[in-house]
Amino acid sequence: MTPPKAGAAVDAASLRKLPRSFYDRDTALVARELLGKYLVRVSSGEARRIARIVEVEAYLGPHDLASHSSKGLTRRTRVMFGPPGHAYVYLVYGMHFCMNVVTGPEGHGSAVLLRAVEPVLNVEGPTRGPGRLCKAMRIDGGLNAHDLTGDGLFIAESPATAPVPVVRRPRVGVDYAGRWARRLLRYYIRGNPFVSRP
DNA sequence: TGCACGATGAAC
DNA sequence: TTCATCGTGCAC
């Protein structure tokens, strides 16, 4: 009759969904503050999946040559230029999905890529790396443009109180972006074993 | 209409 | 280090 410890920590009533105002701020700040938050996925007919965000990357806008939005407003980047608090999900290398959260005011073209999570509840398989994260959390292109203040897929406050120690590094796989490749826009929780490339 | 190239992951 | 695999953006 003793409830599992993890279950108690993620009781439905304790999951406080992040408001849109959280996302409508400076992208690097949102990236930094997403660390430690809970990513929640509710697929119909399946148990609710919860994972703690441990690694992210900030993509600042059209001036950031590593950002998809540097191509301007296209069918693909439409979501990035849309209102904050929505999911930008795209396919890379023809086989892996990557999930971002749109940040800043509408029209800004910025987002934060989720690169790794730590399983908390009902999450199976590897979760380090943006593609594996999406696979484990059952996130695919059908969730592109999904409103993160709604249901199905959202981010919530975590019960943790202590601040997380943060490491800043250059972003992964953007060597083509010149000086933007060297910017320290990748953030992860120091010492966390689920980070993709410590 | 064609083509080069990935915000990756897994195998070798 | 190589390769799978396909949507996107841009050249033609």
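Could you pull out every residue, at least 5 positions away or on a different chain, whose amide H is within less than 5 Å of the one on A:R115? Hs are placed 1.01 Å off N in the peptide plane, and Pro or chain starts have none.
Result for A:R115 returns A:E55, A:V56, A:E57.
For a quick check, take a GNM of chain A with Cα springs below 10 Å and name the residue from A:A160, A:A145, A:A116 with the largest mean-square fluctuation.
Among A:A160, A:A145, A:A116, the largest mean-square fluctuation in the Gaussian network model of chain A belongs to A:A160.
Not counting the cut sites, what is the longest span of chain A without GluC sites (Glu not before Pro) that DSSP labels loop and that have at most 12 other Cβ atoms within 10 Å?
Values: sites that count: A:E46, A:E106, A:E124.
The longest uninterrupted stretch comes out as A:125-198.
Considering only A:Y176, A:Y93, A:Y188, give the residue with the highest GNM mean-square fluctuation for chain A, with springs between Cα atoms whenever their separation is below 10 Å.
In the Gaussian network model the winner is A:Y93.
Pop the C-beta distance of A:T149 and A:E124 into the FRET formula with R0 = 25 Å and round what comes out to the nearest 0.05.
Values: r = 27 Å, r/R0 = 1.08.
Result of the calculation: an efficiency of 0.40.
Between A:L29 and A:R168, what length comes free when the chain is fully extended (0.36 nm per residue of separation minus the Cα-Cα distance, one decimal in nm)? Walk me through the numbers before you get to the answer.
Numbers: separation 139, 0.36 × 139 = 50.04 nm, distance 1.23 nm.
Full extension from A:L29 to A:R168 adds 48.8 nm.
Mind checking the dipole of chain A: about its Cα centre, +1 per Lys or Arg Cβ, -1 per Asp or Glu Cβ, Debye to the nearest 20?
Numbers: 29 positive and 16 negative charges, 115 e Å.
Roughly 560 debye, rounded to the nearest 20.
Among A:N100, A:N122, A:N144, which one moves the most in a GNM of chain A with springs linking Cα atoms closer than 10 Å?
A:N122
What's the extension gain from A:R197 to A:L184 if we count 0.36 nm per residue and subtract their Cα-Cα distance?
Details: separation 13, 0.36 × 13 = 4.68 nm, distance 1.44 nm.
Contour length minus Cα-Cα distance gives 3.2 nm.
Quick note: the coordinates plus some simple rules give every number you see, no bench work behind them. None of these values were measured; they are calculated from a predicted model. Note: ideal-geometry Cβ built from the backbone for every residue, glycine included; neighbour counts use all protein chains shown.
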